[in-house]
Amino acid sequence: MGMHGSYLVVYIVGIILMIVNIIQGICRSKGKFFNPPEIEEKRDARTFIKIRVLYTISQTVMLILFMVCFFNFRSYAVAIIGLFVGIILPIALVYLYDSYLNMREKREF
């Protein structure tokens with residue numbers, strides 16, 4: 001397999017990880033998914049659902065883009081970059097949304 005075929009392993013592992021993240025984003029109970037759990041626990045039910053939907057939709061979009069890369073690029077570097085971006089970006093979006101909610105709460109008081 002060597003270096004030329006190792007990109008396939010990265011793509012397969014990435015696809016599996018993203019699918020698992022999507023399933024966990026849908027099925028995990030409140031306070032058991034994000035670390036720290038306060039991101040979910042301190043929010044009301046409606047905001048909790050918004051956070052989960054944001055994560056699940058962004059992870060699904062990243063999975064689709066990762067699969068497009070899988071079919072179009074046969075490169076180890078593209079596979080690694082796609083894996084990191086595909087896993088990290090949905091988490092970053094949730095943290096940015098949580099920061100926005102925290103700033104909004106501070107302005108209200």
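The values are calculated or read from the model by the stated rules, or taken from the named source; none is laboratory data. Since we're looking at a predicted model, the values are computed, not measured. Note: ideal-geometry Cβ built from the backbone for every residue, glycine included; neighbour counts use all protein chains shown. In case anyone asks, the SASA skips ligands and DNA or RNA and just uses the protein heavy atoms, side chains included. Shrake-Rupley method; radii C 1.70, N 1.55, O 1.52, S 1.80 Å.
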Could you state the accessible area per residue of the chain in Å², with a 1.4 Å probe and every protein chain left in place?
-> 64
Solvent exposure ordering (accessible area, 1.4 Å, most first) of SER75, SER29 | SER29, SER75
Would you list which lysines come within 17 Å of LYS32, measuring only between C-alpha atoms, while excluding same-chain residues fewer than 8 positions from it?
-> LYS42, LYS50
Excluding ligands and nucleic acids, what accessible area in Å² is computed for MET103 using a 1.4 Å probe, to the nearest 10?
-> 110
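Membrane-span-like helices in the chain: DSSP H runs reaching 30 Å or more (Cα, own axis), mean Kyte hydropathy at least 1.0?
Those that clear 30 Å and a mean of 1.0 are 2-27, 45-72.
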Net charge near LYS106 (other residues with Cβ under 14 Å of its Cβ; Lys, Arg +1; Asp, Glu -1) is 0
